[in-house]
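See below for the structure under consideration.
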Amino acid sequence: QVQLVQSGGGLVRAGGSLRLSCAASGYIFGINIMAWYRQATGKQREMVAAIVSGGATTYVDSVKGRFTISRDNAKNALYLQMNSLKPEDTAVYYCKITSSNGGYWGQGTQVTVSS
């Protein structure tokens, strides 16, 4: 069973940067979409950024211009570079890979931005 292992995250001051990583423990065939989600306390989980198999990316409006999603196809790895962080970015961040075999979720990592 393939697992997604996340790293990065932590505590940062507003205006700072963090980089999240997500690596698959094995090969995932037929990847369609790789994405980052986040869930703040008391709120629903939302998709933050996604990258499709062709390379096109999409972002939620609140992070456009600040976050960058990227991938390493050879490693089945996914990254999220987060710059100019704001307190409202505080949440647990999850990676998700959707393939022809189904969806895989990372374990989640806490990102806390202090004001």
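The values are calculated or read from the model by the stated rules, or taken from the named source; none is laboratory data. From a predicted model like this one, the values you see are computed outputs, not experimental measurements. Glycine also receives a Cβ, built like all others from the backbone with ideal geometry; neighbour counts cover every protein chain displayed. Just so you know, the surface numbers come from the protein's heavy atoms only, side chains and all, with ligands and any DNA or RNA stripped out. Shrake-Rupley method; radii C 1.70, N 1.55, O 1.52, S 1.80 Å.
Table for the structure above
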| quantity | calculated |
| --- | --- |
| The stretch 1-36: number of residues that are within 26 Å of SER115 (Cβ to Cβ) and open to solvent by 50 Å² or more (accessible area, probe 1.4 Å) | 7 |
| Inter-residue pairs, beta-carbon under 8 Å, first of a type in the set (Ser, Thr, Tyr) and in the stretch 7-35, second exposed (fewer than 13 other Cβ atoms within 10 Å of the Cβ) and at pLDDT below 95, 6+ apart | SER25/GLN3 |
| Entirely in the stretch 53-105, the strands (runs of 3 or more DSSP E) that have 2 or more residues that are surrounded by 14 or more Cβ atoms within 10 Å (Cβ to Cβ), modelled with pLDDT under 95 and in contact with a strand residue (DSSP E or B) (Cβ under 6 Å, 6 or more places away or on another chain) | 91-99 |
| Residues of the stretch 2-22 that turn out to be under 11 Å from the mean Cα position of the chain (by Cα) and among the small types (Gly, Ala, Ser), as a count | 4 |
| Count of the stretch 106-115 residues which are surrounded by fewer than 14 Cβ atoms within 10 Å (Cβ to Cβ) and over 27 Å from GLN1 (Cα atoms) | 2 |
| First in the stretch 103-114 and in contact (Cβ under 8 Å) with a residue 40 or more places away in the chain and among the hydrophobic types (A, V, I, L, M, F, W, C), second anywhere and open to solvent by less than 50 Å² (accessible area, probe 1.4 Å) and not in a strand (DSSP E or B), Cβ under 6 Å, 6 or more apart | VAL111/GLY9; VAL113/LEU85; VAL113/ASP89; VAL113/THR90 |
| Which numbered condition ALA50 fails, given (1) without any contact (Cβ under 8 Å) to a residue 12 or more places away in the chain; (2) open to solvent by less than 40 Å² (accessible area, probe 1.4 Å) | (1) |
